[in-house]
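Structure first, commentary second.
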Amino acid sequence: MAFGPYMLFVLIAGAMVLYAIWTSANPSWPIRIVVTTEGMVECRGLPRQRVPRFAEFFEQHVQAEPKLVVLACRDAGGGLRTSFRGHIDAGTKQRIRNYMLAEL
């Protein structure tokens, strides 16, 4: 079965629509912090001068077992969107959000 020019156009247009839906539903997360039982092991997207303060905060206030990944980005209105991967209670999530809002 050969694809004609119209069918190829429809397939490409469909792929572009699916890509647009995917990227709008799944924002890129420019800030990524990985915390383990040993402390903050990865930090991407934070200003360098603030990394030590974040490391100290996570060491003192977050008990990550075995691993916690914090993803954050700014939304269009200037608010902070966060996503957490790992086992963590709601109160600690809110504490991390509040700290990030104050520091960023």
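Here are the numbers:
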{"item": "Of residues in the stretch 61-104 being of a type in the set (D, E, K, R) and assigned to a strand (DSSP E or B), the one nearest to THR37 (Cα to Cα)", "result": "LYS67"}
{"item": "Residue identified as touching a Cys at 6+ places or on another chain (Cβ under 7 Å), surrounded by 16 or more Cβ atoms within 10 Å (Cβ to Cβ) and closer than 14 Å to VAL35 by Cα among PHE54, PHE58", "result": "PHE54"}
{"item": "Enumeration of residues in the stretch 77-92 that are more than 15 Å from ILE31 (Cβ to Cβ) and under 15 Å from the mean Cα position of the chain (by Cα)", "result": "GLY86"}
{"item": "Out of PRO30, PRO66, sole residue that is surrounded by 10 or more Cβ atoms within 10 Å (Cβ to Cβ) and under 24 Å from THR92 (Cα atoms)", "result": "PRO30"}
{"item": "Positions within the stretch 44-60 being of a type in the set (A, V, I, L, M) and either more than 14 Å from LEU104 (Cα to Cα) or assigned to a helix (DSSP H, G or I) (or both), in sequence order", "result": "VAL51, ALA55"}
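None of the figures in this text is laboratory data; all of them are computed from the coordinates on show. Quantities reported herein were computed from a predicted structural model and do not represent experimental measurements. Don't worry about glycine lacking a Cβ; one is built from the backbone with ideal geometry, like all the others, and counts go over all protein chains shown.
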